[in-house]
1. Using mean Cβ contacts within 10 Å as the protection proxy, how do 121-134, 141-154 order, highest first?
2. Answer rounded, prolate or oblate for the range 18-69, using the Cα gyration tensor with square roots of eigenvalues a ≥ b ≥ c: rounded when a/c is under 1.5, else prolate when a/b is larger than b/c, else oblate.
3. Fewest first, what order do 64, 279, 40, 56 take by the number of other Cβ atoms within 10 Å?
4. Could you check the spin-label model distance between residue 324 and residue 104? Points 7 Å from the Cα along Cα→Cβ, value in nm.
5. Quick one: order 72, 282 by neighbouring beta-carbon count within 10 Å, fewest to most.
6. Expressed as a whole number of Å, what is the distance separating the alpha-carbon centroids of the range 89-112 and the range 262-317?
7. Arrange 318, 325 by Cβ neighbour counts within 10 Å, fewest through most, would you?
Amino acid sequence: MSLWYPPPLGGSLQANPLTTQVDNELNFPIGCCDSDGKPTLPSPGDCRGHLDLLNTEEGRPQVTWEPGQDAYFQLSDYTYTADAPGSTHYGGSCQIGFSVDRGQTWKVAASYHGNCPHRQENDPQVFHFKVPLNMPSGPAVFAWIWLNREHESFMNCASVQIGAGSGRDTTPVDPSTTADSTMYYTAPATPTGEVLTERERHGSGDCDQNLTSRNISGDASVTGSWWDRTKHRHNRKHARYYYYVRKTHRHPSSREHRRRPDSVASDACDWNAAPRMETSYYSAGASCAPDAKLNNAESDDFEIGWSDACCIVEGDGEYAIQNVEC
């Protein structure tokens with residue numbers, strides 16, 4: 001999986017029309033992979049090393065968000081098609097945040113404890129959040145981090161504008177609110193009229209989300225009718241890995257697979273009090289749990305949570321949540 005919207009630094013031209021050199025490993029786990037296919041490489045740095053684009057036309061903000069407004073981000077898979085289910089690893093946990101000093105420091109905007117990315121293939125990979133209150137106006141970097149149960153970490157970033165400035169809001173129609181899930185983001189050639197907030201375009205997006213799904217296990221030795229074999233691919237460099245998805249005994253209805261509108265929305269984080277966002281996980285030399293995949297080849301039977309977080313979005317309850325320890 002990789003960030004699709006807001007337009008990611010290093011993304012394909014479909015995702016980011018300003019890209020001059022596509023990062024073909026944008027969807028790779030951090031530290032993947034050496035000549036033997038093992039995750040022993042050092043991290044390329046925050047935002048996969050693309051922070052140097054911020055001083056260029058390629059790094060110009062293409063989205064404007066206001067502090068406190070409803071916003072969303074969208075994920076895609078290695079084919080860079082917004083409607084594809086992608087290699088979700090059957091969930092995991094995500095955290096998003098911002099930097100207003102070009103990646104020197106980061107603060108949390110929202111934490112998704114489980115079911116991120118969404119497990120179900122029919123669920124749009126769209127996640128709602130509220131832009132932190134009291135964020136300073138000006139250019140900022142939006143960051144998305146994903147930690148899956150296979151001890152892999154991902155980080156993609158986007159250049160955005162907070163408040164008034166030269167950035168222009170090119171927010172696409174939220175695919176989760178349309179019947180046509182094949183719609184994908186295309187930036188207009190020029191600004192067109194008044195910039196609307198995402199609340200005005202799409203209505204309020206709750207911070208809390210609740211979905212139901214199936215269960216999974218990392219025990220590849222188990223076979224039988226309770227198990228479905230699923231393929232996970234990260235492109236040529238990352239060899240194909242196979243995981244086994246175990247179905248639970250309960251059978252949620254198709255309505256339960258969708259985001260529930262009765263979830264209670266959390267307040268937006270206050271930028272002045274927002275916790276620090278960790279950006280270095282699992283890879284060789286990482287600040288948090290270095291070499292996690294090498295040290296533990298089995299899939300976890302839980303999903304990650306963050307004890308020091310604001311605007312927590314609870315998952316579907318398919319797995320227990322265990323706070324990450326760094």
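Nothing in this text is a laboratory measurement; each read-out follows from the coordinates by a stated rule. Small disclaimer: the values here were computed from a predicted structure and weren't measured. In this analysis, Cβ positions are derived from the backbone assuming ideal geometry, glycine residues included, and neighbour counts consider all displayed protein chains.
1. Per-residue mean Cβ counts within 10 Å order the peptides as 141-154, 121-134.
2. Verdict is prolate for the range 18-69.
3. Lowest count first: 56, 40, 64, 279.
4. Once both label points are built, they end up 2.3 nm from each other.
5. Ranking 72, 282 by Cβ neighbours within 10 Å, fewest first, gives 72, 282.
6. So the separation of the two Cα centres works out to 9 Å.
7. 325, 318
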